Amino acid sequence: MIERLAIFGATGDLAARYLLPGLAALHAAGQLGGRFELAGAGRQDWDTGDFRQWAAAQLDRHGGQFPAAARQAVVSAASYRQADVADVPSVADVIAGDGPVAAYLALPPAVFPAAVSTLHGAGLPPGSRIVLEKPFGEDLDSAVELNRLLAELVPESAVFRVDHFLAMTTVQNVLGTRLANRMLEPIWNSAHIAEVEVVWDESLALEGRAGYYDGVGALKDMLQNHLLQLLCLAAMEPPISLGERDLRDRKLDVLRSVRPLTDSDVVRRTRRARYLAGQAGGHQVPAYVDEEGVNPRHGTETFAEIELELDNWRWPGTVFRLRTGKALGRDRKEVAVHFRPVPHLPFGHSGEALPNVLRFGLDPESLTMDLTGIGARANTLVPLELTARIDPPELPAYGQLLLDVLNGNAALSIRGDEAEESWRVVAPVLSAWSKDLVPLLEYPAGSGGPGAAAGSAP
């Protein structure tokens, strides 16, 4: 286990909300040794005392559920150095020490190439690892170039292109439920499944993230990485094991099987939109173009939807619908598997037999099955819902992610060829949208999205 973690961008929102609490969770679970060291690096002209004071405040705010002793242990293990990720001497000072280090780039994707090159010049100790947050690159070409730079620095097994969605127990349950239950796997194919929805709808708006979001948008921020990963878990062939090679090979097979989209396909099968002023998440939300830090000329979308099909033996004729949006009327975060309707209903029954839907709730965690049965009146069909109780995870997603990094378990990270293939899937969409072949629609904040009335459910 690596006992040194260096976070570049340590004073940012990611570290405050997720990385520091993730470390506190690991300490509370007894997963961090007494020799663990945290080196924080950022542009702020702080010393270690300043950083520790800030880190303690963030842990109180975002990690208050963890014991005070665990939070204090993380703070006590921290040091800080002001550093520019393009400056070799300052970066070398951050990673200096005994033994390998895990260098976590909690930075905008545009900075990754410079940071990786600087780490190369600074001389990472043998056995070190590099961690990169999504999105990996800004397009296909930049992802290919970034892979080339990383290959010159460390072996592929030491590169962690992390997606915290994969560390969520509910996300892993998509694969676990279908593979561990005899009744599901035989019908997990296009003969029985008409559509799979992968949805991440949020009532939250921009929440002060314009500096990052306006240069990325919904397609790159959520769909190209998170939602495609969920698609892989729902559609992949059963792996021989959940080891890093077997699992990632099967995910790559799914991405390679996605039918390439032509311009006319993009016009018919995708939607993009941005929110107008309205009431969402319990408060008034300004129009996206009026949010502080937004440049309206960027034409950034806050809602993206794509329909994909897979050209393989298992899924001909099944539609995979990926959708994400901000400032919507309600939170809906799930993978919904829609089964085909029954071919015949016995004569004499009234009511509608709706197709079965298996729903994996991602946040909050849930597992439900929509069925049809006989109600209180004889021969009358009514909807039924079966709901499973899911125990909360032992570790939060970022706690599990950090544990995997420190232990060198890369199964839930994204391999280089997989990252490139994800960009190939959305490249035709980015191209067509950049040419305005698909109109940028608008929807009131608090509505169900483009084409829905204000206040309606997504």
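The values are calculated or read from the model by the stated rules, or taken from the named source; none is laboratory data. The shown structure was predicted, so the numbers you read here are calculated from the model rather than taken from an experiment. So basically every Cβ, Gly included, is an ideal-geometry build from the backbone, and we count neighbours across all protein chains shown. Protein only, heavy atoms only, side chains kept; ligands, DNA and RNA dropped before computing areas. Shrake-Rupley method; radii C 1.70, N 1.55, O 1.52, S 1.80 Å.
Miscellaneous remarks
- The stretch 407-416, residues that are open to solvent by 30 Å² or more (accessible area, probe 1.4 Å) and under 18 Å from the mean Cα position of the chain (by Cα): Leu412, Arg415
- Helices (runs of 4 or more DSSP H) (entirely within the stretch 146-239) containing at least 1 residues that are closer than 22 Å to Leu403 by Cβ and in contact with a strand residue (DSSP E or B) (Cβ under 9 Å, 6 or more places away or on another chain): 169-179, 228-235
- Annotation note: Cβ proximity below 8 Å between a residue of the stretch 426-447 that is closer than 19 Å to Met222 by Cβ and a residue that is part of a strand (DSSP E or B) and of a type in the set (Asp, Glu) (sequence gap 6+ or interchain) occurs for no pair.
- Considering (1) open to solvent by 10 Å² or more (accessible area, probe 1.4 Å); (2) at pLDDT 95 or above; (3) under 25 Å from the mean Cα position of the chain (by Cα), the lone condition that Leu14 does not fulfil carries the number (2).
- When the strands (runs of 3 or more DSSP E) confined to the stretch 41-142 are screened for residues that are buried (at least 21 other Cβ atoms within 10 Å of the Cβ) and either touching a residue at least 24 places away in the same chain (Cβ under 8 Å) or at negative phi (or both), those reaching at least 3 such residues are found at 102-105, 129-133.
- Out of Gln53, Gln58, Gln82, one residue alone is within 27 Å of the chain's Cα centre (by Cα) and over 24 Å from Val159 (Cα atoms). It is Gln58.
- Counted residues, the stretch 237-261 - those being of a type outside the set (A, V, I, L, M), open to solvent by less than 70 Å² (accessible area, probe 1.4 Å) and farther than 14 Å from Ser422 by Cα: 6
- Residue list for the stretch 350-381, restricted to those being touching a Gly at 6+ places or on another chain (Cβ under 9 Å) and either surrounded by 15 or more Cβ atoms within 10 Å (Cβ to Cβ) or among the aromatic types (Phe, Trp, Tyr) (or both): Gly351, Leu367, Thr368, Thr372, Leu381
- Hits in the stretch 296-321 (condition: among the β-branched types (Val, Ile, Thr), open to solvent by less than 10 Å² (accessible area, probe 1.4 Å) and closer than 18 Å to Val337 by Cβ): Ile306, Thr318
- Of Ala411, Ala378, all but one fail to be out of contact with any strand residue (DSSP E or B) (no Cβ under 7 Å at 6 or more places or on another chain), closer than 30 Å to Glu37 by Cβ and part of a loop (DSSP other than H, G, I, E, B); the exception is Ala411.
- Scanning the stretch 279-295 for residues that are in contact with a helix residue (DSSP H, G or I) (Cβ under 9 Å, 6 or more places away or on another chain) and open to solvent by 70 Å² or more (accessible area, probe 1.4 Å) turns up Asp290, Glu292.
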